[in-house]
1. Of the candidates 159, 170, 217, which one comes out as most mobile in a Gaussian network treatment of the chain with C-alpha springs shorter than 10 Å?
2. For residue 217 and residue 194 in one chain, what is 0.36 nm times their gap in residues minus the Cα-Cα distance, to one decimal in nm?
3. Express the accessible area of the chain per residue in Å², computed with a 1.4 Å probe while the remaining protein chains stay in the model.
4. Throw me the Rg/Rh for the chain, computed over C-alpha atoms with Kirkwood Rh, two decimals.
5. Where in region 136-162 is the amide nitrogen less than 20 Å from a point lying 7 Å along the Cα-to-Cβ axis of residue 67?
6. Would you please name the trypsin sites (Lys or Arg not before Pro) within region 39-92 that are DSSP coil residues with at most 13 other C-beta atoms within 10 Å of their C-beta?
7. Suppose only helical runs count, i.e. DSSP H with n ≥ 4. What mean residue ellipticity at 222 nm does that imply for the chain under -39500 (n - 2.57) per run, divided by all residues and rounded to the nearest 500 deg cm²/dmol?
8. Among 203, 213, 91, which one shows the highest mean-square fluctuation when the chain is modelled as a Gaussian network with alpha-carbon springs under 10 Å?
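The values are calculated or read from the model by the stated rules, or taken from the named source; none is laboratory data. Because the structure is a prediction, the values reported are computed rather than measured. In this analysis, Cβ positions are derived from the backbone assuming ideal geometry, glycine residues included, and neighbour counts consider all displayed protein chains. When the accessible area is computed, the model is the full protein with side chains, heavy atoms only, and any ligands, DNA or RNA have been set aside. Shrake-Rupley method; radii C 1.70, N 1.55, O 1.52, S 1.80 Å.
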Amino acid sequence: MLGAKAIARAKLNLFLDVGDLRQDGYHEIRSIMQTLELSDELYFRRTDGANGKIVTRCSNSCVPCGEENLVFKAIKAFAMKTKVLDEEGIEVFINKRIPVGAGLAGGSADAAAAIVAMNNIWELDLSTRELIDAASLVGSDVPFCILGGTALVTGRGEKVESLNPLSGLKVVLASSGQEMSTEQVYERFDSLRSNSDFPDSGEVEGKFRALIEGIEKRDVSGIAAGLHNSLEFATIRRDLVIEYKKKAESAGAVAALMTGSGPCVFALVSGLEEAAEVAWELEKLAPVTIVTSFSDIGAQVLR
Ligand code: ATP
(Lines give C-alpha, C1' and ligand atoms only; values in the text may rest on other atoms or scores of the structure.)
Protein backbone atom coordinates (compact mmCIF):
# COMPACT_ATOMS: atom_id res chain seq x y z
CA MET A 1 0.00 0.00 0.00
CA LEU A 2 1.36 3.44 -0.95
CA GLY A 3 -0.97 5.78 0.94
CA ALA A 4 -3.23 5.83 4.00
CA LYS A 5 -5.34 8.12 6.14
CA ALA A 6 -5.29 7.92 9.94
CA ILE A 7 -7.56 9.41 12.58
CA ALA A 8 -5.93 10.89 15.70
CA ARG A 9 -8.46 11.50 18.46
CA ALA A 10 -8.02 14.00 21.29
CA LYS A 11 -8.15 12.91 24.95
CA LEU A 12 -9.45 14.28 28.24
CA ASN A 13 -8.28 13.51 31.75
CA LEU A 14 -11.36 12.68 33.82
CA PHE A 15 -8.94 12.15 36.70
CA LEU A 16 -5.28 13.17 37.00
CA ASP A 17 -3.35 12.62 40.20
CA VAL A 18 0.29 13.63 39.86
CA GLY A 19 2.84 11.92 42.09
CA ASP A 20 6.54 12.43 42.65
CA LEU A 21 9.13 13.46 40.11
CA ARG A 22 11.06 10.33 39.11
CA GLN A 23 14.78 9.89 38.46
CA ASP A 24 14.08 9.79 34.69
CA GLY A 25 12.55 13.31 34.80
CA TYR A 26 8.94 12.09 34.43
CA HIS A 27 6.24 12.31 37.10
CA GLU A 28 4.44 9.26 38.37
CA ILE A 29 0.78 9.67 37.36
CA ARG A 30 -2.53 7.98 38.00
CA SER A 31 -5.05 9.12 35.43
CA ILE A 32 -8.35 8.09 33.91
CA MET A 33 -8.22 9.18 30.31
CA GLN A 34 -11.05 9.41 27.80
CA THR A 35 -10.89 9.58 24.00
CA LEU A 36 -12.99 12.20 22.21
CA GLU A 37 -14.60 12.26 18.77
CA LEU A 38 -12.66 15.51 18.14
CA SER A 39 -9.76 14.48 15.90
CA ASP A 40 -6.93 15.37 13.52
CA GLU A 41 -6.55 13.59 10.18
CA LEU A 42 -3.17 12.38 8.96
CA TYR A 43 -2.51 11.64 5.28
CA PHE A 44 0.47 9.37 4.50
CA ARG A 45 2.36 8.84 1.24
CA ARG A 46 5.13 6.27 0.92
CA THR A 47 8.01 7.56 -1.22
CA ASP A 48 10.27 5.18 -3.18
CA GLY A 49 14.04 5.56 -3.08
CA ALA A 50 13.92 8.34 -0.45
CA ASN A 51 16.42 6.56 1.88
CA GLY A 52 14.53 7.02 5.13
CA LYS A 53 13.49 10.64 4.56
CA ILE A 54 10.55 11.73 6.74
CA VAL A 55 8.63 14.86 5.70
CA THR A 56 5.83 16.30 7.85
CA ARG A 57 3.53 19.23 7.02
CA CYS A 58 0.66 20.65 9.03
CA SER A 59 -2.42 22.76 8.23
CA ASN A 60 -1.74 24.84 11.38
CA SER A 61 1.38 27.00 11.03
CA CYS A 62 1.81 27.14 14.85
CA VAL A 63 2.78 23.46 14.83
CA PRO A 64 6.48 22.87 14.10
CA CYS A 65 7.29 20.72 11.06
CA GLY A 66 10.48 18.69 10.79
CA GLU A 67 12.25 17.02 13.69
CA GLU A 68 10.27 18.88 16.37
CA ASN A 69 6.98 17.40 15.21
CA LEU A 70 5.82 14.46 17.33
CA VAL A 71 4.77 12.62 14.16
CA PHE A 72 8.35 12.90 12.87
CA LYS A 73 9.68 11.62 16.24
CA ALA A 74 7.20 8.74 16.32
CA ILE A 75 8.01 7.63 12.77
CA LYS A 76 11.75 7.88 13.43
CA ALA A 77 11.50 5.80 16.65
CA PHE A 78 9.22 3.26 14.93
CA ALA A 79 11.52 2.99 11.89
CA MET A 80 14.58 2.40 14.12
CA LYS A 81 12.71 -0.44 15.84
CA THR A 82 11.27 -2.07 12.71
CA LYS A 83 13.82 -1.04 10.00
CA VAL A 84 10.96 -0.12 7.63
CA LEU A 85 12.49 3.08 6.28
CA ASP A 86 15.90 1.75 5.17
CA GLU A 87 15.28 2.53 1.48
CA GLU A 88 11.94 4.25 1.25
CA GLY A 89 10.64 7.48 2.83
CA ILE A 90 7.31 8.79 4.08
CA GLU A 91 5.41 12.07 3.72
CA VAL A 92 2.68 13.06 6.17
CA PHE A 93 0.16 15.89 6.02
CA ILE A 94 -1.54 16.69 9.35
CA ASN A 95 -4.98 18.24 9.07
CA LYS A 96 -5.08 19.89 12.51
CA ARG A 97 -8.42 20.33 14.26
CA ILE A 98 -7.44 19.63 17.88
CA PRO A 99 -6.49 22.91 19.65
CA VAL A 100 -2.70 23.00 20.15
CA GLY A 101 -1.11 23.13 23.63
CA ALA A 102 -4.51 22.97 25.31
CA GLY A 103 -4.19 19.74 27.36
CA LEU A 104 -6.02 17.65 24.74
CA ALA A 105 -2.90 15.68 23.71
CA GLY A 106 -3.18 16.59 20.04
CA GLY A 107 0.53 15.97 19.41
CA SER A 108 0.46 12.62 21.24
CA ALA A 109 -2.68 11.56 19.33
CA ASP A 110 -0.94 12.39 16.04
CA ALA A 111 2.15 10.40 17.12
CA ALA A 112 -0.02 7.39 18.03
CA ALA A 113 -1.86 7.59 14.69
CA ALA A 114 1.51 7.69 12.90
CA ILE A 115 2.69 4.50 14.67
CA VAL A 116 -0.55 2.67 13.84
CA ALA A 117 -0.39 3.89 10.22
CA MET A 118 3.25 2.79 9.76
CA ASN A 119 2.34 -0.67 11.08
CA ASN A 120 -0.55 -0.79 8.62
CA ILE A 121 1.19 0.66 5.54
CA TRP A 122 4.15 -1.76 5.86
CA GLU A 123 1.80 -4.63 6.82
CA LEU A 124 3.90 -5.51 9.89
CA ASP A 125 1.00 -6.88 11.93
CA LEU A 126 2.49 -5.81 15.29
CA SER A 127 0.28 -6.48 18.33
CA THR A 128 -1.34 -3.68 20.35
CA ARG A 129 1.17 -4.42 23.13
CA GLU A 130 4.09 -3.92 20.70
CA LEU A 131 2.55 -0.69 19.40
CA ILE A 132 2.08 0.58 22.97
CA ASP A 133 5.74 -0.28 23.74
CA ALA A 134 6.85 1.70 20.67
CA ALA A 135 4.55 4.58 21.70
CA SER A 136 6.04 4.79 25.19
CA LEU A 137 9.40 5.79 23.62
CA VAL A 138 7.75 8.92 22.17
CA GLY A 139 5.81 10.47 25.09
CA SER A 140 3.65 9.89 28.17
CA ASP A 141 0.22 10.23 26.55
CA VAL A 142 1.08 8.31 23.35
CA PRO A 143 0.45 4.74 24.70
CA PHE A 144 -3.09 5.71 25.77
CA CYS A 145 -3.73 7.35 22.39
CA ILE A 146 -2.93 4.01 20.69
CA LEU A 147 -5.56 2.13 22.72
CA GLY A 148 -8.18 4.87 23.25
CA GLY A 149 -11.58 4.56 24.93
CA THR A 150 -11.78 4.94 28.71
CA ALA A 151 -8.66 3.74 30.53
CA LEU A 152 -6.71 3.83 33.76
CA VAL A 153 -3.21 5.09 32.96
CA THR A 154 -0.34 4.73 35.47
CA GLY A 155 3.46 4.76 35.71
CA ARG A 156 4.67 7.59 33.52
CA GLY A 157 1.84 6.78 31.10
CA GLU A 158 3.05 3.41 29.76
CA LYS A 159 0.64 1.24 31.79
CA VAL A 160 -2.80 1.41 30.20
CA GLU A 161 -5.78 -0.65 31.36
CA SER A 162 -9.16 -0.39 29.59
CA LEU A 163 -12.28 0.42 31.64
CA ASN A 164 -16.00 0.24 30.76
CA PRO A 165 -16.67 2.27 27.60
CA LEU A 166 -18.46 5.63 27.98
CA SER A 167 -18.93 6.42 24.30
CA GLY A 168 -21.64 8.90 23.41
CA LEU A 169 -21.48 11.11 26.54
CA LYS A 170 -21.39 14.77 25.48
CA VAL A 171 -18.86 17.42 26.48
CA VAL A 172 -18.29 21.06 25.66
CA LEU A 173 -14.67 22.23 25.47
CA ALA A 174 -13.66 25.81 26.19
CA SER A 175 -10.16 27.12 25.68
CA SER A 176 -8.42 30.49 25.72
CA GLY A 177 -6.68 29.59 22.46
CA GLN A 178 -3.32 30.27 24.16
CA GLU A 179 -0.77 27.47 24.26
CA MET A 180 0.26 26.25 27.68
CA SER A 181 3.63 24.55 28.17
CA THR A 182 3.11 21.18 29.87
CA GLU A 183 6.65 21.34 31.32
CA GLN A 184 6.05 24.74 32.88
CA VAL A 185 2.81 23.60 34.52
CA TYR A 186 4.56 20.52 36.02
CA GLU A 187 7.37 22.77 37.33
CA ARG A 188 4.82 25.03 39.02
CA PHE A 189 3.08 21.97 40.42
CA ASP A 190 6.35 20.78 42.02
CA SER A 191 6.99 24.15 43.60
CA LEU A 192 3.39 24.62 44.86
CA ARG A 193 2.51 21.14 46.07
CA SER A 194 3.41 21.84 49.73
CA ASN A 195 0.87 24.69 49.72
CA SER A 196 -1.92 24.17 52.25
CA ASP A 197 -4.68 24.67 49.60
CA PHE A 198 -3.62 21.44 47.91
CA PRO A 199 -6.41 18.80 48.13
CA ASP A 200 -5.63 16.12 50.75
CA SER A 201 -4.94 12.58 49.64
CA GLY A 202 -8.08 11.19 51.37
CA GLU A 203 -10.28 13.52 49.33
CA VAL A 204 -8.49 12.54 46.11
CA GLU A 205 -8.91 8.80 46.91
CA GLY A 206 -12.64 9.35 47.53
CA LYS A 207 -12.96 11.00 44.12
CA PHE A 208 -11.06 8.19 42.42
CA ARG A 209 -13.40 5.56 43.92
CA ALA A 210 -16.49 7.62 42.97
CA LEU A 211 -15.24 7.90 39.41
CA ILE A 212 -14.47 4.18 39.05
CA GLU A 213 -17.97 3.39 40.35
CA GLY A 214 -19.53 6.04 38.09
CA ILE A 215 -17.76 4.53 35.07
CA GLU A 216 -18.82 0.97 35.98
CA LYS A 217 -22.47 2.07 36.22
CA ARG A 218 -22.20 4.61 33.36
CA ASP A 219 -23.72 7.09 35.80
CA VAL A 220 -23.05 10.71 34.78
CA SER A 221 -23.60 12.09 38.32
CA GLY A 222 -21.16 9.52 39.74
CA ILE A 223 -18.60 10.42 37.07
CA ALA A 224 -19.10 14.11 37.84
CA ALA A 225 -18.50 13.46 41.56
CA GLY A 226 -15.15 11.82 40.78
CA LEU A 227 -13.62 14.38 38.40
CA HIS A 228 -10.21 15.60 39.63
CA ASN A 229 -7.08 17.19 38.21
CA SER A 230 -4.07 17.93 40.47
CA LEU A 231 -2.66 20.29 37.85
CA GLU A 232 -5.64 22.66 37.98
CA PHE A 233 -3.99 24.06 41.04
CA ALA A 234 -0.76 24.84 39.18
CA THR A 235 -2.04 26.22 35.91
CA ILE A 236 -0.79 29.66 34.97
CA ARG A 237 -4.27 30.86 33.92
CA ARG A 238 -6.18 29.54 36.94
CA ASP A 239 -8.42 32.63 36.80
CA LEU A 240 -9.67 31.65 33.32
CA VAL A 241 -10.13 28.01 34.30
CA ILE A 242 -12.26 29.05 37.31
CA GLU A 243 -14.27 31.48 35.15
CA TYR A 244 -15.00 28.85 32.44
CA LYS A 245 -15.94 26.23 35.03
CA LYS A 246 -18.36 28.57 36.83
CA LYS A 247 -19.95 29.65 33.57
CA ALA A 248 -20.38 26.01 32.41
CA GLU A 249 -21.93 24.93 35.71
CA SER A 250 -24.31 27.90 35.85
CA ALA A 251 -25.38 27.11 32.26
CA GLY A 252 -26.39 23.56 33.24
CA ALA A 253 -23.24 21.39 32.94
CA VAL A 254 -23.18 18.42 35.34
CA ALA A 255 -19.56 19.30 36.18
CA ALA A 256 -16.52 20.96 34.61
CA LEU A 257 -12.75 20.39 34.94
CA MET A 258 -9.47 21.42 33.33
CA THR A 259 -7.94 18.68 31.15
CA GLY A 260 -4.23 17.70 31.36
CA SER A 261 -1.98 20.70 31.87
CA GLY A 262 -4.70 23.00 30.54
CA PRO A 263 -5.83 25.57 29.83
CA CYS A 264 -8.77 23.80 28.12
CA VAL A 265 -11.78 23.14 30.37
CA PHE A 266 -14.34 20.45 29.59
CA ALA A 267 -17.96 20.59 30.71
CA LEU A 268 -19.78 17.28 31.06
CA VAL A 269 -23.43 17.63 30.00
CA SER A 270 -26.41 15.29 30.24
CA GLY A 271 -27.68 15.64 26.66
CA LEU A 272 -27.77 17.61 23.42
CA GLU A 273 -30.02 20.37 24.72
CA GLU A 274 -27.69 21.01 27.67
CA ALA A 275 -24.69 20.89 25.30
CA ALA A 276 -26.24 23.65 23.19
CA GLU A 277 -27.00 25.80 26.23
CA VAL A 278 -23.53 25.40 27.75
CA ALA A 279 -21.79 26.02 24.39
CA TRP A 280 -23.92 29.13 23.87
CA GLU A 281 -22.81 30.57 27.22
CA LEU A 282 -19.15 29.48 27.07
CA GLU A 283 -18.69 30.97 23.61
CA LYS A 284 -19.31 34.42 25.15
CA LEU A 285 -16.12 33.97 27.21
CA ALA A 286 -13.85 31.50 25.44
CA PRO A 287 -12.20 32.12 22.05
CA VAL A 288 -12.38 28.36 21.32
CA THR A 289 -15.63 26.46 22.10
CA ILE A 290 -16.22 22.93 20.75
CA VAL A 291 -19.07 20.45 21.30
CA THR A 292 -17.93 16.83 21.01
CA SER A 293 -18.55 13.42 22.60
CA PHE A 294 -16.69 10.51 24.16
CA SER A 295 -15.39 7.85 21.77
CA ASP A 296 -14.23 4.25 22.32
CA ILE A 297 -11.80 4.24 19.41
CA GLY A 298 -8.08 4.92 19.63
CA ALA A 299 -5.67 5.65 16.78
CA GLN A 300 -7.24 4.30 13.61
CA VAL A 301 -6.25 3.76 9.98
CA LEU A 302 -8.86 4.18 7.24
CA ARG A 303 -8.22 2.76 3.82
P1 ATP B 1 -0.49 17.14 26.50
O2 ATP B 1 -1.90 17.19 27.01
O3 ATP B 1 -0.11 15.78 25.95
O4 ATP B 1 0.52 17.68 27.45
P5 ATP B 1 -1.12 19.39 24.85
O6 ATP B 1 -2.48 19.07 24.37
O7 ATP B 1 -1.03 20.36 25.97
O8 ATP B 1 -0.38 18.06 25.21
P9 ATP B 1 -0.15 19.51 22.15
O10 ATP B 1 -1.26 20.06 21.34
O11 ATP B 1 0.13 18.07 22.07
O12 ATP B 1 -0.28 19.96 23.66
O13 ATP B 1 1.16 20.36 21.77
C14 ATP B 1 2.23 20.49 22.65
C15 ATP B 1 3.44 21.03 21.91
O16 ATP B 1 3.91 20.05 21.00
C17 ATP B 1 3.13 22.28 21.10
O18 ATP B 1 3.95 23.32 21.57
C19 ATP B 1 3.47 21.93 19.67
O20 ATP B 1 4.23 22.93 19.06
C21 ATP B 1 4.30 20.63 19.76
N22 ATP B 1 3.95 19.66 18.69
C23 ATP B 1 4.79 18.85 18.07
N24 ATP B 1 4.15 18.08 17.19
C25 ATP B 1 2.86 18.38 17.25
C26 ATP B 1 1.70 17.91 16.59
N27 ATP B 1 1.74 16.95 15.67
N28 ATP B 1 0.52 18.45 16.95
C29 ATP B 1 0.46 19.40 17.91
N30 ATP B 1 1.53 19.90 18.54
C31 ATP B 1 2.72 19.38 18.23
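1. 217
2. 4.8 nm
3. 44
4. The Rg/Rh ratio comes out at 0.97.
5. Within reach of a label on residue 67, which here means backbone N under 20 Å from a point 7 Å along Cα→Cβ, region 136-162 contributes 137-139.
6. When the trypsin sites (Lys or Arg not before Pro) of region 39-92 are filtered for loop state and at most 13 Cβ neighbours within 10 Å, 53, 83 remain.
7. When only DSSP H runs of four or more count, the value is -10500 deg cm²/dmol.
8. For the chain, modelled as a Gaussian network with Cα springs under 10 Å, the answer is 203.
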